[in-house]
Amino acid sequence: MSQTAKFLSLREVASEIDDCSDLDTILRRLIVATCKHANWGLGSIMAIDPAQGLGHVLVRHDPALIGAQVADQWDLATSPALVALRRNEPVYIPDAREAAEYPGYRQDALSRDYRTVLVMPMNCTDAIARPLVLSVISRQITEVGEEALAHLGTILHLGALAVAHEHRLSAQRRMADRLKQALTTQTELLEHVLRDGSVPDLAAMVSDLLPNPTVVVDLTANQVIAGRSPDPAQFDDAAW
């Protein structure tokens with residue numbers, strides 16, 4: 001691939017993942033674009049969970065997999081994904097069929113008929129903060145030079161920027177939803193007060209809204225209104 005073609009491919013990748021409205025779509029488009037523009041036959045993106053010792057496949061691109069059943073979890077002990085993540089550098093497997101140090105990939109390569117594997121950390125996380133790793137695969141033995149690594153690394157950087165942008169948008173949407181809920185609640189409480197609603201009814205409304213048990217002290221009526229019990233094992237609501 002010429003230098004001009006590589007630069008144009010980066011522009012195309014950026015356009016393909018720019019208008020996505022959710023994380024899953026970003027990752028799906030990213031793996032397809034990576035295989036297409038970096039000349040790999042198939043690939044996947046995994047979320048790494050070191051505590052469980054598993055890699056979870058989030059998205060996969062393999063045109064030959066129509067109707068086929070493949071594993072969506074990988075034992076990290078038999079996968080290069082954790083190595084790539086810990087070292088923060090690519091892991092290149094020239095021929096996965098001969099990779100005795102990665103028996104998981106070796107078995108999969110034999111069953112799915114592929115050879116070279118390149119695993120790269122993406123420097124971003126999924127929706128529950130698990131680090132992401134991308135794997136691209138060739139059905140033939142393929143050499144990977146510095147230029148190819150730089151090109152692929154730039155594609156992944158564009159993907160990581162898109163993922164980070166989506167995380168920020170998701171956080172803003174959650175905040176907007178919380179503010180909307182808070183405004184609705186404030187309006188309901190104010191309407192209750194303006195209707196001369198009783199304090200016990202108002203206390204019940206507040207108790208339903210807050211995560212912890214409440215006690216309302218009404219100084220004007222000289223009364224204490226207890227909400228739900230803070231320890232149901234010792235007192236039920238009536239006893240409290």
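Observations on the structure shown:
- Qualifying residue in region 95-102 (condition: over 24 Å from ALA14 (Cα atoms), surrounded by 21 or more Cβ atoms within 10 Å (Cβ to Cβ) and touching an Asp or Glu at 6+ places or on another chain (Cβ under 8 Å)): yes
- Residues satisfying the stated conditions in region 8-28, i.e. closer than 13 Å to LEU158 by Cα and more than 18 Å from the chain's Cα centre (by Cα): SER9, LEU10, ARG11, GLU12, VAL13, ALA14, SER15, GLU16
- Residue match in region 23-37 (condition: assigned to a strand (DSSP E or B), of a type in the set (Asp, Glu) and either touching a Pro at 6+ places or on another chain (Cβ under 9 Å) or surrounded by 14 or more Cβ atoms within 10 Å (Cβ to Cβ) (or both)): no
- Unmet criterion (only one of (1) outside any strand (DSSP E or B); (2) among the polar types (S, T, N, Q); (3) open to solvent by 50 Å² or more (accessible area, probe 1.4 Å)) for ASN123: (1)
- When HIS151 is tested against (1) under 30 Å from GLY41 (Cα atoms); (2) modelled with pLDDT under 85, exactly one condition is not met: (2).
- Scan region 43-62 for residues that are in a strand (DSSP E or B) and open to solvent by 40 Å² or more (accessible area, probe 1.4 Å) and the total you get is 4.
- So THR78, is it farther than 20 Å from GLY41 by Cα, surrounded by fewer than 21 Cβ atoms within 10 Å (Cβ to Cβ) and in contact with a Phe, Trp or Tyr (Cβ under 9 Å, 6 or more places away or on another chain): yes
- Boolean, TRP40 is surrounded by 18 or more Cβ atoms within 10 Å (Cβ to Cβ) and without any contact (Cβ under 8 Å) to a residue 40 or more places away in the chain: no
- Test: residue in region 6-21 that is of a type in the set (Lys, Arg), closer than 20 Å to ALA96 by Cα and open to solvent by less than 70 Å² (accessible area, probe 1.4 Å): no
- LEU179 under 30 Å from PHE7 (Cβ atoms), of a type outside the set (D, E, K, R) and out of contact with any helix residue (DSSP H, G or I) (no Cβ under 6 Å at 6 or more places or on another chain): no
- Among residues of region 3-29 that are more than 12 Å from HIS165 (Cβ to Cβ), those with a beta-carbon under 8 Å from a residue that is at pLDDT below 85 at least six positions away or on a different chain give the pairs SER9/MET1; ARG29/GLU16; ARG29/ILE17; ARG29/CYS20.
- Within region 131-148, residues that are of a type in the set (Gly, Ala, Ser) reach partners that are in a strand (DSSP E or B) and open to solvent by 10 Å² or more (accessible area, probe 1.4 Å) with beta carbons closer than 8 Å, at six or more positions or on different chains, in the pairs SER135/SER44; SER135/MET120.
- Members of region 137-186 that are of a type in the set (Ser, Thr, Tyr), within 30 Å of ASP95 (Cβ to Cβ) and open to solvent by 30 Å² or more (accessible area, probe 1.4 Å): THR142, THR154
The values are calculated or read from the model by the stated rules, or taken from the named source; none is laboratory data. What you see is a predicted model; the values in this text were computed from it and never measured. All Cβ positions, even for glycine, are placed from backbone atoms using ideal geometry, and neighbour counts span all protein chains on display. These accessible areas exclude ligands, DNA and RNA; they are computed on the full protein's heavy atoms, side chains included. Shrake-Rupley method; radii C 1.70, N 1.55, O 1.52, S 1.80 Å.
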